[in-house]
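S.K.: Quick one: structure below, then a few questions.
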Protein chains: 2
Amino acid sequence: MSSPSEVRVLGVDPGLAATGYAVVAGGRDGFVVLQAGTIRTRADTPLPERLGEIHDRLQRAVAEFDPHSVAVEEVFLAQNAPSAMATAEVIGIVKLLARGRELRAYPPRAVKKRICGNGSAPKEQMLAMVRALVGGKGAEAWSDHAGDAVALALCALFEGGL
Amino acid sequence: MSSPSEVRVLGVDPGLAATGYAVVAGGRDGFVVLQAGTIRTRADTPLPERLGEIHDRLQRAVAEFDPHSVAVEEVFLAQNAPSAMATAEVIGIVKLLARGRELRAYPPRAVKKRICGNGSAPKEQMLAMVRALVGGKGAEAWSDHAGDAVALALCALFEGGL
């Protein structure tokens, strides 16, 4: 599936109710999104099972695409502390899955700034920009979360060293 | 190893540098600590590998003792936000390992109150009290973290329903 010079990154926008993920490959011919999706879990499901669903779906993507690097959005302390803690629990699982790979973590503002040129860019602008950069088949169906995951993977690819 | 009426709880005091854990069995003959220890990870090890070590050692305890329940200390927002976020990442891994089991989460003050009768009890008092309640072979070697893990498991056992 991959040419020798291709680099693959798994981007993850972590969240307990909705986690966006995307595997993006970068090579001589530019960037290609190999897979992108949103993992949604139900509030009435026990917490270990919700985390388990997120773990298993991400693990499947890791097994299928063997990314060199994992790029995850960091949460810094938000207005909403309990929600930030729940997101940090998901981040722990993402980082666990980066074992044996390079891990990069980005604050949300850094991603927006890198992709849109504006650290306060609204969601719609991010999604439109990401679609313009690497959209293709299926891109119109991406959620905000999947779009953020693509953006995270692109940040890691842009940074080079990959 | 276990009598039919025995209930086993895995208690976990989560932390990136040091995670305490203990498997405690409760039954007709009182409480017995089946295993207790401290998982220490080095600051110069990459984060995914540190989380991986914690995951693997806890997973081994789960596989060996098949606990009915997992009791973990919750972090609420501390003075030190970055450290709270790092601990929350470990908590996510603990909760993931509770899949198919009952999960209980306790704030630190509730554990101290339940075990020592004082929500502000110092570490030494907690450890002394836990040793007095269920100490046995090896109890003198428990770290504060292992002692907290025993205390968490006892909280879950005391609460009944188990």
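S.K.: Near A:Gln35, within a Cβ-to-Cβ distance under 11 Å, what is the net charge of the other residues, with Lys and Arg +1 and Asp and Glu -1?
M.R.: Net charge in that neighbourhood comes out at +2.
S.K.: May I ask for the percentage of alpha-carbon pairs in segment B:100-143 that lie more than 13 Å from each other?
M.R.: It works out to 59 percent of all Cα pairs.
S.K.: How big is the Rg/Rh ratio for segment B:7-159, C-alpha atoms only, Rh by Kirkwood, two decimals?
M.R.: Ratio value, two decimals: 0.94.
S.K.: Chain pair A, B: how much accessible area is buried, both chains summed, with a 1.4 Å probe, in Å² to 100?
M.R.: Chains A and B together bury roughly 2000 Å² of accessible area.
S.K.: Mind checking the dipole of the protein assembly as shown: about its Cα centre, +1 per Lys or Arg Cβ, -1 per Asp or Glu Cβ, Debye to the nearest 20?
M.R.: Computed about the Cα centre, the dipole is about 260 debye.
S.K.: I would also like to ask the following. Would you check the protein assembly as shown for Lys pairs whose C-alpha atoms are within less than 16 Å, ignoring same-chain pairs closer than 8 in sequence, and give me the count?
M.R.: 5
S.K.: To continue, here is another question. What length, rounded to one decimal in nm, is gained on full extension from B:Arg57 through to B:Ser5, with 0.36 nm per residue of separation minus their alpha-carbon distance?
M.R.: Length gained between B:Arg57 and B:Ser5: 16.1 nm.
S.K.: Another question, if that's okay. Between segment B:33-48 and segment B:84-152, what is the C-alpha centre distance in whole Å?
M.R.: 15
S.K.: Additional query: Roughly what % of DSSP beta bridges within the protein assembly as shown run antiparallel, to the nearest 5?
M.R.: Counting DSSP beta bridges with both partners in the protein assembly as shown, the antiparallel share is about 65 percent.
S.K.: For segment B:10-53, what percent of Cα pairs sit more than 12 Å apart?
M.R.: So the portion of pairs separated by more than 12 Å is 63 percent.
S.K.: How much FRET efficiency would the formula 1/(1 + (r/R0)^6) give for A:Arg28 and A:Gln125, where r is the Cβ-Cβ distance and R0 is 25 Å, rounded to 0.05?
M.R.: 0.30
S.K.: Just to verify a number: FRET efficiency for A:Thr45 and B:Gln35, C-beta to C-beta distance, R0 = 30 Å, to 0.05?
M.R.: 0.50
S.K.: Then there's this: Could you work out the percent of alpha carbon pairs in segment A:14-82 separated by over 21 Å, rounded to a whole number?
M.R.: 36
S.K.: May I have the convex hull volume per residue, in Å³, for the Cα set of segment B:57-133?
M.R.: Considering the Cα atoms of segment B:57-133, their hull volume per residue is 117 Å³.
S.K.: What 222 nm value per residue comes from the helices of the protein assembly as shown, counting each DSSP H run with n ≥ 4 as -39,500 (n - 2.57) and dividing by all residues, nearest 500 deg cm²/dmol?
M.R.: Only helices count here, giving -14500 deg cm²/dmol.
S.K.: Sticking with this one: What are the equivalent ellipsoid semi-axes of the protein assembly as shown, built from the alpha-carbon gyration tensor (square roots of five times its eigenvalues), in whole angstrom, biggest first?
M.R.: Output for the protein assembly as shown: semi-axes of 41, 19, 17 Å.
S.K.: Show me the trypsin sites (Lys or Arg not before Pro) within segment A:1-92 that DSSP assigns to loop and that have at most 11 other Cβ atoms within 10 Å of their Cβ.
M.R.: A:Arg28, A:Arg42
S.K.: Could you work out how much longer the chain between A:Leu133 and A:His68 gets when fully extended? Use 0.36 nm per residue separation minus the Cα distance between them, nm to one decimal.
M.R.: Taking 0.36 nm per residue and subtracting the Cα distance, the gain is 21.3 nm.
The values are calculated or read from the model by the stated rules, or taken from the named source; none is laboratory data. Remember, it's a predicted structure, so these values are computed and weren't measured experimentally. In this analysis, Cβ positions are derived from the backbone assuming ideal geometry, glycine residues included, and neighbour counts consider all displayed protein chains. SASA here: full protein model, heavy atoms, side chains in, ligands and nucleic acids out. Shrake-Rupley method; radii C 1.70, N 1.55, O 1.52, S 1.80 Å.
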